[in-house]
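Data block below; observations after.
Please treat every number below as a calculation from the coordinates, not as lab data. Every value quoted in this text rests on a predicted model; they were computed, and no experiment measured them. Cβ placement follows ideal geometry from the backbone for every residue including glycine, while neighbour counts extend to all protein chains displayed.
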Amino acid sequence: MMAPVLVTGGAGSVGKCVVQQLRSEGHTVRVFDLPNMDYSDLEGEKGIDVLRGDLTRPDSVEAAVQDIRAVIHLAALLPPASERSRELTFAVNVEGTIRLAEALKKVNTDAPFVFSSSVSTYGDTTGIKQPVTIDQPQQALDIYAESKIAAERLLFESYSNVSILRISGISVPSIQSPPEVWPFMADQRIEFVHRDDVVTALCAAVQVEKAKGHVFNIAGGNTWRTTGKAYVKDYFDLLGVPIDEAHFQEHPGWCDWYDTEESQRILSYQKTTYQAYLDQVQAEIDKMMQE
Amino acid sequence: MIPKGIENADAIIEACRLTLAGLDSAEPEWKEVLQSVISAIEELKTKFFLKTNLAIPITNACRKDAVDLQSLAEKQDLSGFPEALARFRGNIEKLFKQANMEGITIT
């Protein structure tokens with residue numbers, strides 16, 4: 001049997017979709033996540049090996065990398081939890097990432113390592129006229145982005161077969177409570193990406209030879225390019241809520257439009273248009289209204 | 001204009017209060033249920049869900065149940081009250097389940 005792909009954070013919302021996608025492609029998978037996560041739809045499933053652990057513990061990280069052939073590293077402290085303690089966020093997102101890469105180097109120096117980073121590492125790019133490229137200087141607006149920048153840099157120094165995916169805001173086709181204040185200005189450019197397309201990109205990055213050593217922007221593509229207010233209005237219209245109920249930041253957030261020409265060429269992941277996403281949300285609403 | 005879900009929530013609270021007023025010597029458990037529904041709906045009124053179209057069908061159902069309870073209490077026809085209260089509780093639980101919307105994922 002082929003050696004498994006390690007998915008850290010594999011019991012999280014995106015992680016579970018990645019695991020499902022890899023299984024549907026015939027790969028075996030090792031899921032590594034915190035003990036308190038919900039493993040109910042993973043444990044006991046054919047081709048899935050569950051390992052409960054913690055990136056801050058060297059022994060569990062060493063156990064996680066045994067006999068694996070690739071890593072998709074999703075485990076991280078995300079906002080708002082990441083903003084409560086810089087020390088803990090760096091321990092998980094930076095030191096944990098490097099610990100994983102170092103442990104992997106000891107057992108398999110060639111294994112592809114896909115690192116889930118974020119477009120939030122670019123910070124405020126509202127003064128830039130063109131879509132943001134991967135060469136844009138990184139400038140963190142929060143602890144989370146700061147930790148991702150540090151992890152990217154250290155990872156490139158310590159491991160050769162690495163691919164970094166700077167992922168935009170992920171849109172999940174379900175009914176969600178909006179934040180009290182949307183994390184962007186009303187007229188700010190935004191380009192989110194469908195969760196399924198992120199999953200496709202992550203799974204492709206671990207398998208495509210051309211992804212090795214690359215940094216990619218992962219965003220939805222042309223159909224997803226809009227402004228903050230237009231994005232929220234589309235969602236609110238589906239729910240029958242007036243747009244004046246929405247509150248936007250008065251200073252720029254990290255959102256923008258992104259240059260994804262190379263990522264799309266190599267990873268072929270932009271399969272869900274923005275309209276298709278809205279149709280999926282509408283279908284969810286219709287289902288709820290009929291219940 | 002007040003969203004229909006909020007209007008329904010106010011009507012549910014009002015019907016529960018009037019029902020309580022008509023249940024002077026009734027089962028204390030019934031009163032406890034109605035009191036807890038009033039508190040829970042007051043809290044729910046601050047949620048985004050009640051402003052959406054999604055809230056209309058289920059709050060319509062809860063409002064109808066609450067008015068039925070009020071009518072039974074006013075007529076002092078308490079033989080059908082437990083069944084009506086069970087139906088009301090079922091729909092209220094469904095309302096809270098639907099209102100428990102997930103948060104947005106931001107990387």
inquiry  = Under the 0.36 nm per residue contour assumption, what length would be gained going from the current alpha-carbon distance of residue A:230 and residue A:207 to full extension?
reply    = 4.7 nm
remark   = Note: A:118-124 gets an average of partner chain Cβ contacts (10 Å, Cβ to Cβ) equal to 1
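Past the 27 Å Cα-Cα mark, which pairs from A:229/B:4; A:16/B:45; A:233/B:64; A:105/A:271?
A:16/B:45; A:233/B:64; A:105/A:271
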note = Computed, not fitted: 222 nm per-residue ellipticity of chain B from DSSP H runs ≥ 4 (each -39500 (n - 2.57)), nearest 500, equal to -23500 deg cm²/dmol
ask   = Which whole number gives the average, over all residues in B:44-57, of C-beta atoms from other chains lying within 10 Å of the residue C-beta?
value = 4
remark   = In terms of the alpha carbon gyration tensor, root eigenvalues a ≥ b ≥ c, rounded if a/c is under 1.5 and otherwise prolate when a/b exceeds b/c or oblate, segment A:115-203 is oblate
message = If you split all Cα-Cα distances of chain B into 5 Å bins from zero, what percentages do you get per bin, shortest first?
response = 2, 13, 25, 24, 15, 10, 6, 3, 1, 1, 0, 0
inquiry  = With the cut-off at 1.5 for a/c, could you classify segment A:153-274 from its C-alpha gyration tensor as rounded, prolate or oblate?
reply    = prolate
note = To the nearest 10 degrees, the tilt of helix A:195-205 (Cα long axis) against the first principal axis of the alpha carbons of chain A is 30 degrees
key: Where trypsin sites (Lys or Arg not before Pro) fall in DSSP loop in segment A:132-232, at most 16 other Cβ within 10 Å   = A:212
note = The FRET efficiency for residue A:262 and residue A:181, from their Cβ-Cβ distance with R0 = 45 Å and rounded to 0.05, is 0.85
request  = Compute the long axis of helix A:228-239 from its Cα atoms, compare it with the longest principal axis of the Cα atoms of chain A, and write down the angle in degrees, 0 to 90, nearest 10.
outcome  = 80 degrees
ask   = Taking the mean number of other Cβ atoms within 10 Å as a proxy for protection, how do you rank B:28-38, A:178-188, B:51-61 from highest to lowest?
value = B:51-61, A:178-188, B:28-38
key: Degrees separating the helix B:4-21 axis from the principal Cα axis of chain B, which is the longest one   = 20 degrees
query = If you take the alpha carbon radius of gyration of chain A and divide it by 2.2 N^0.38 Å, what ratio comes out, to two decimals?
reply = 0.99
query = Helix-derived [θ] at 222 nm for chain A: sum -39500 (n - 2.57) over DSSP H runs of at least 4, divide by residue count, nearest 500?
reply = -10500 deg cm²/dmol
query = For segment A:2-80, rounded, prolate or oblate, judged on the Cα gyration tensor with a ≥ b ≥ c (square roots of eigenvalues), a/c < 1.5 rounded, else prolate if a/b > b/c?
reply = oblate
